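The values are calculated or read from the model by the stated rules, or taken from the named source; none is laboratory data. From a predicted model like this one, the values you see are computed outputs, not experimental measurements. Here the Cβ is made from the backbone with ideal geometry for all residues, glycine too, and neighbour counts use every protein chain on show.
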Amino acid sequence: MSIWDFFVWFFWFYIFISCIAIFVRVIIDVFRAPDLSGWAKALWVLFLVFLPFLGAFIYLIVRGQSMGQRAAASSREARGQTDDYIRSVASQNSAANEIESAKRLLDSGAITPAEFETLKANALRA
């Protein structure tokens, strides 16, 4: 096997993997699209199964822009859920935060030293 045979083999392997990635991406987008009916989804899948290259090219030409918009919307939604989760976990009150808040209330005169000690004991107990 010469070096050129290796490069030819590597090129065709790259093309094969790229085609599979495109087909999978298009099929995922077909099922993700809320504006397609069940029959339209079935027809696109049949088209992609029986004429994969032609079906993928037509799908990318016809619905490529909305495909990108759906992917961006999905990414924004996932990012929002992750941000919400991080905020909910990070904002949980710890004992130190509760004691700090109670100390600020004590310093401002809103609570008495006895109330401060009660709040501090409750925070340390929790």
Answer from 124, 60 - the residue that is assigned by TED's automatic domain parsing to the domain that holds residue 23 and either surrounded by 11 or more Cβ atoms within 10 Å (Cβ to Cβ) or not aromatic (Phe, Trp, Tyr) (or both): 60
Count of segment 65-117 residues which are within 27 Å of residue 33 (Cβ to Cβ) and not in a helix (DSSP H, G or I): 0
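Against the definition (modelled with pLDDT of 90 or more, of a type outside the set (Lys, Arg) and surrounded by 14 or more Cβ atoms within 10 Å (Cβ to Cβ)), how does residue 48 come out, yes or no?
Numbers: modelled with pLDDT of 90 or more: yes; of a type outside the set (Lys, Arg): yes; surrounded by 14 or more Cβ atoms within 10 Å (Cβ to Cβ): yes.
The answer is yes for residue 48.
Given the residues 25, 70, 76, 87, which is the only one that is outside the structural domain of residue 120 (by TED's automatic domain parsing) and under 30 Å from residue 123 (Cβ atoms)?
None of the others qualify; the one that does is 87.
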Count - residues of segment 15-32 that are within 22 Å of the chain's Cα centre (by Cα) and either surrounded by 15 or more Cβ atoms within 10 Å (Cβ to Cβ) or of a type outside the set (Val, Ile, Thr) (or both): 10
Selection from segment 73-119 of residues that are over 36 Å from the mean Cα position of the chain (by Cα) and in contact (Cβ under 8 Å) with a residue 24 or more places away in the chain: 99
Contacts under 8 angstrom Cβ, first residue in segment 38-60 being of a type in the set (S, T, N, Q), partner assigned to a helix (DSSP H, G or I) and surrounded by 12 or more Cβ atoms within 10 Å (Cβ to Cβ), 6 or more apart: none
